[in-house]
Amino acid sequence: MEYFNLKHPHERVDFGTAARRGLGSDQGLYYPASLPSMHAATLLAAPRLVRYRALLEPFVSPSISVATLEDIIAAAFTFEAPVVEVGDSFALELFHGPTLAFKDFGARFMAHCLSHLKDEHPMTILTATSGDTGAAVASAFHGQPGIRVVVLYPEGRISIAQERLFSTLGGNVEALAVRGSFDDCQALVKGAFDDPTLVGPLGLNSANSINVARLAAQVLYFWDLCANLHARGIPEETLLSSLVVSVPSGNFGDLTAGLMAKAMGAPISRFIAATNVNDTVPRYIETGSWDPRPTVPTASNAMDVSKPSNWPRAARLLSDYGWTIEARSIHEDETVDAIRALDALGYVSEPHAAVAYAALIQSLRPEEVGAFLCTAHPAKFASSVEAALGKSLPIPPAIAASIDKPNLSVAMEAEAASFRSYLLGTQ
Ligand SMILES: *Cc1c(COP(=O)(O)O)cnc(C)c1O
């Protein structure tokens with residue numbers, strides 16, 4: 001598949017280049033030149049990893065051979081995406097990977113692709129995190145030869161569980177506790193990419209959520225959802241005419257991948273983009289004006305985004321295929337109500353999934369089949385969940401295993417000069 005730069009459509013690259021570069025010139029997003037239509041009936045019936053190979057091959061060809069792709073799939077997707085019946089709807093659980101959030105899908109696939117695509121030069125992955133991305137990226141690259149990973153995070157502003165998932169890894173993963181905010185961390189990373197004495201010599205690459213490899217991997221679980229519902233006896237035509245998928249959205253990568261899955265033939269009727277009170281997209285869809293406001297902190301903090309960087313891709317898909325989506329903004333008290341409503345149905349959830357569930361229940365029509373994405377394990381957001389439900393949650397093994405290990409992170413001032421000497425090892 002070829003990818004073109006949405007800002008400069010004549011700029012066309014293959015998968016390997018798009019994945020290694022991340023962004024095109026002028027920070028333009030790479031976009032698939034054409035998405036193949038797949039034979040849905042065959043894919044729904046296929047075993048999971050066979051379906052994954054069929055779906056991913058067009059994205060990575062010819063940069064990655066089929067044999068290598070099979071190795072990558074086996075190494076990256078070592079966990080399931082189960083579907084659980086909750087009341088009258090279905091929960092797609094995307095948090096069974098090593099760092100307990102759906103970011104594991106994209107980060108692990110990207111990491112294994114990059115380790116195959118890299119040449120003999122060094123590669124340094126820089127990533128700034130406000131919580132989940134850092135852990136997913138660090139865990140995905142941990143132990144990959146020739147790749148150095150540097151994770152920057154705001155000291156004291158992420159939960160201990162989130163921090164320990166990457167700060168205890170060691171080896172090729174370095175954690176920098178920056179004395180500042182998430183925005184300071186992002187500014188340090190951006191500054192490093194503007195410094196030619198770092199970019200070339202260190203082989204800088206940013207493993208952020210706009211990488212095409214991450215998007216390709218996220219297409220897979222929308223198909224898993226359809227295959228699971230199909231195996232429960234819901235015919236393909238019924239899914240196509242009535243399956244509604246509610247996607248908890250921040251940077252809109254997940255929703256973009258869902259639209260790509262539908263474009264490739266996944267039998268999904270429509271999507272709901274569910275946001276918290278950071279509602280740039282719902283307001284845009286209602287009024288037609290793009291008017292980001294200052295970001296407001298919420299319980300679903302991975303969706304505290306007011307300038308969603310994947311939106312141009314989602315908008316392009318909607319216009320290419322003539323689709324519309326419904327977008328809903330869910331308030332904090334509605335989120336708490338949804339956590340309680342889910343608990344009353346016997347399902348312990350967390351704020352991001354609760355936002356998706358609340359939007360689904362508000363929008364679903366009686367003849368439709370509803371599904372919502374559960375993007376994080378409840379234990380990652382234990383304090384909000386425990387506050388909403390008045391009971392404590394068990395700690396899952398992945399968090400228990402890292403919480404008592406030594407924290408290897410290095411403290412650093414939020415200064416470009418300190419970061420530069422750190423990276424060059426001249427501190
Ligand atoms: C990143 C994230 C989201 C939002 O996904 P986008 O692709 O950025 O829209 C939702 N929930 C959780 C738990 C996340 O980590």
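The values are calculated or read from the model by the stated rules, or taken from the named source; none is laboratory data. Computed from a predicted model, the values in this text were never measured in an experiment. Cβ coordinates were reconstructed from backbone atoms using ideal geometry, including for glycine residues, and neighbour counts include every protein chain displayed. For the accessible areas, the whole protein counts, side chains as well, though only heavy atoms, and no ligand, DNA or RNA atoms are used. Shrake-Rupley method; radii C 1.70, N 1.55, O 1.52, S 1.80 Å.
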| query | Just to be sure, is Lys190 among the basic types (Lys, Arg), closer than 21 Å to Val50 by Cβ and in a helix (DSSP H, G or I)? | reply | no
| task | State all residues of region 139-153 that are open to solvent by less than 10 Å² (accessible area, probe 1.4 Å) and either out of contact with any helix residue (DSSP H, G or I) (no Cβ under 8 Å at 6 or more places or on another chain) or within 16 Å of the ligand (Cβ to nearest atom) (or both); if no residue qualifies, say none. | result | Ala140, Val151, Tyr153
| Being of a type outside the set (Asp, Glu), at positive phi and open to solvent by less than 40 Å² (accessible area, probe 1.4 Å), is that true of even one residue in region 37-57? | no
| Given the structure, is Asp26 surrounded by fewer than 16 Cβ atoms within 10 Å (Cβ to Cβ) and free of Cβ contacts under 8 Å to residues at least 40 places away in the same chain? | yes
| Which one is farthest from the ligand (Cβ to nearest atom), of the residues in region 295-323 that are polar (S, T, N, Q), outside any helix (DSSP H, G or I) and out of contact with any Pro (no Cβ under 8 Å at 6 or more places or on another chain)? | Thr295
| said: If I filter region 196-209 for residues that are small (Gly, Ala, Ser), more than 13 Å from the ligand (Cβ to nearest atom), under 23 Å from the mean Cα position of the chain (by Cα) and over 18 Å from Arg108 (Cα atoms), do I get at least one hit? | reply: no
| note | Within region 235-249, residues being touching a Gly at 6+ places or on another chain (Cβ under 6 Å) and assigned to a helix (DSSP H, G or I) number 0
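When you go through Val281, Val296 one by one, which is the residue that is closer than 20 Å to Pro351 by Cβ, touching a residue at least 40 places away in the same chain (Cβ under 8 Å) and not charged (D, E, K, R)?
Details: Val296 fails: touching a residue at least 40 places away in the same chain (Cβ under 8 Å).
Sole residue among the options that is closer than 20 Å to Pro351 by Cβ, touching a residue at least 40 places away in the same chain (Cβ under 8 Å) and not charged (D, E, K, R): Val281.
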| Residue match in region 256-268 (condition: within 10 Å of the ligand (Cβ to nearest atom), touching a Gly at 6+ places or on another chain (Cβ under 9 Å) and part of a strand (DSSP E or B)) | no
| Phe372: within 14 Å of the ligand (Cβ to nearest atom), over 13 Å from Ala91 (Cβ atoms) and either open to solvent by 50 Å² or more (accessible area, probe 1.4 Å) or not acidic (Asp, Glu) (or both), yes or no? | no
| query | Residues of region 282-291 being over 16 Å from Thr256 (Cβ atoms) and either within 15 Å of the ligand (Cβ to nearest atom) or surrounded by 16 or more Cβ atoms within 10 Å (Cβ to Cβ) (or both), which ones? | reply | Pro282, Arg283
| said: Scan region 309-321 and tell me whether some residue there is among the acidic types (Asp, Glu), surrounded by 16 or more Cβ atoms within 10 Å (Cβ to Cβ), at pLDDT 95 or above and more than 23 Å from Ile160 (Cα to Cα). | reply: no
| said: Contact list please: Cβ distance under 8 Å, first residue in region 402-427 and assigned to a helix (DSSP H, G or I), second residue surrounded by fewer than 16 Cβ atoms within 10 Å (Cβ to Cβ) and of a type in the set (S, T, N, Q), pairs at least six apart or on different chains. | reply: Ser418/Gln427; Ser421/Gln427
| query | part of a loop (DSSP other than H, G, I, E, B) and out of contact with any helix residue (DSSP H, G or I) (no Cβ under 9 Å at 6 or more places or on another chain), is that true of Val277? | reply | no
| Quick one: Thr78 ticks every box in (1) touching a residue at least 60 places away in the same chain (Cβ under 8 Å); (2) polar (S, T, N, Q); (3) within 25 Å of Pro396 (Cα to Cα); (4) open to solvent by 20 Å² or more (accessible area, probe 1.4 Å) bar one, so which box is it? | (1)
| Can Ala341 be described as more than 15 Å from the ligand (Cβ to nearest atom) and more than 30 Å from Lys7 (Cβ to Cβ)? | yes
| remark: Residue pairs within 6 Å by beta carbon, gap of at least six or interchain, first lying in region 96-114 and within 15 Å of Ser206 (Cα to Cα) and open to solvent by less than 10 Å² (accessible area, probe 1.4 Å), second within 11 Å of the ligand (Cβ to nearest atom) and aliphatic (A, V, I, L, M), listed first then second, are Ala107/Ala136
| field | region 94-138 - residue that is among the polar types (S, T, N, Q) and within 14 Å of the ligand (Cβ to nearest atom) and, of those, modelled with the lowest pLDDT | value | Ser130
| Restricting attention to region 399-409, does a residue exist that is aliphatic (A, V, I, L, M), farther than 28 Å from Gly97 by Cα, touching a helix residue (DSSP H, G or I) at 6+ places or on another chain (Cβ under 9 Å) and crowded, with 16+ Cβ neighbours inside 10 Å? | no
| field | Pairs where the first residue, in region 248-266, is among the aliphatic types (A, V, I, L, M) and open to solvent by less than 10 Å² (accessible area, probe 1.4 Å) and the second is in a strand (DSSP E or B) and within 13 Å of the ligand (Cβ to nearest atom), C-beta under 6 Å, 6+ apart | value | Leu255/Val247; Leu255/Ala273
